[in-house]
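Trainee: Sending over a structure as structure tokens; questions will come in a sec.
The values are calculated or read from the model by the stated rules, or taken from the named source; none is laboratory data. Quick caveat, the model's predicted, so the values are computed rather than measured. Every residue, glycine among them, receives a Cβ derived from its backbone with ideal geometry; neighbour counts consider all protein chains shown. For the accessible areas, the whole protein counts, side chains as well, though only heavy atoms, and no ligand, DNA or RNA atoms are used. Shrake-Rupley method; radii C 1.70, N 1.55, O 1.52, S 1.80 Å.
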Amino acid sequence: QVQLVESGGGWLQPGGSLRLSCAASGIQISEHAMNWYRQAPGKQRELVATVLTGGHTNYVDSVAGRFTISRDNAKNTVYLQMDSMKPEDTAVYYCNAHRWLFDYWGQGTQVTVSS
């Protein structure tokens with residue numbers, strides 16, 4: 001049984017930092033492209049950051065330079081370091097593992113940026 005468990009969400013003020021974690025079981029993240037998505041109220045889910053099996057990373061323009069995705073294959077865990085947070089970063093953040101035709105999702109973790 002595949003499980004992706006996100007943690008690290010919460011409330012913070014603009015300009016602050018937060019690190020999300022996604023612990024995987026039932027799969028080896030080293031064999032998957034790992035992604036972080038987010039969904040704000042009333043909006044579609046959007047892809048925020050990707051780390052490929054070879055380590056290459058991609059970011060949506062709105063977070064480039066502020067967010068960093070990384071993976072620790074030994075711990076089977078993916079991280080999203082979020083710095084210089086803005087109110088528009090408020091959303092539920094989801095971890096995703098993708099390989100071929102298979103997609104696995106976590107349950108999501110709420111991040112709220114507000115003064």
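Trainee: Being open to solvent by less than 70 Å² (accessible area, probe 1.4 Å), within 11 Å of the chain's Cα centre (by Cα) and of a type outside the set (S, T, N, Q) is the filter here; which residues of the range 47-58 pass it?
Mentor: Val48, Ala49, Val51, listed by residue number.
Trainee: Right, Val5: at pLDDT 95 or above, among the β-branched types (Val, Ile, Thr) and closer than 17 Å to Gly108 by Cβ or not? Walk me through how you get there before you give the answer.
Mentor: Numbers: at pLDDT 95 or above: yes; among the β-branched types (Val, Ile, Thr): yes; closer than 17 Å to Gly108 by Cβ: yes.
In short, yes.
Trainee: Any idea how many residues of the range 6-32 are assigned to a strand (DSSP E or B) and open to solvent by 70 Å² or more (accessible area, probe 1.4 Å)?
Mentor: Taking the range 6-32 and keeping what is assigned to a strand (DSSP E or B), we get 6-7, 10-12, 18-25.
Adding the requirement that they be open to solvent by 70 Å² or more (accessible area, probe 1.4 Å) leaves 11, 19.
Residues that pass the stated criteria total 2.
Trainee: Please find, within the range 40-62, the residue that is nearest to Val113 (Cα to Cα) out of those that are assigned to a loop (DSSP other than H, G, I, E, B) and in contact with a strand residue (DSSP E or B) (Cβ under 6 Å, 6 or more places away or on another chain).
Mentor: If we take residues in the range 40-62 being assigned to a loop (DSSP other than H, G, I, E, B) and in contact with a strand residue (DSSP E or B) (Cβ under 6 Å, 6 or more places away or on another chain), then Ala40 is nearest to Val113 (Cα to Cα).
Trainee: Is one or more of the residues making up the range 75-90 loosely packed, with under 15 Cβ neighbours inside 10 Å, modelled with pLDDT under 95 and farther than 20 Å from Gly15 by Cβ?
Mentor: No: zero hits.
Trainee: Sticking with this structure for a sec: Scan the range 26-59 residue by residue and report those that are touching a Phe, Trp or Tyr at 6+ places or on another chain (Cβ under 9 Å) and over 16 Å from Trp100 (Cα atoms).
Mentor: Gly26, Trp36, Tyr37, Arg38, Gln39, Arg45, Glu46, Leu47, Val48, Ala49, Tyr59
Trainee: Could you list, ordered by first residue, the pairs with Cβ atoms under 9 Å in which the first is in the range 37-52 and under 15 Å from Lys86 (Cβ atoms) and the second is among the basic types (Lys, Arg) and crowded, with 21+ Cβ neighbours inside 10 Å, at least 6 apart or interchain?
Mentor: The qualifying pairs are Glu46/Arg38; Val48/Arg38.
Trainee: Test Asn35 against the criterion of being surrounded by 14 or more Cβ atoms within 10 Å (Cβ to Cβ) and more than 22 Å from Gly10 (Cβ to Cβ), and give yes or no.
Mentor: On the way: surrounded by 14 or more Cβ atoms within 10 Å (Cβ to Cβ): yes; more than 22 Å from Gly10 (Cβ to Cβ): no.
It is false that Asn35 is surrounded by 14 or more Cβ atoms within 10 Å (Cβ to Cβ) and more than 22 Å from Gly10 (Cβ to Cβ).
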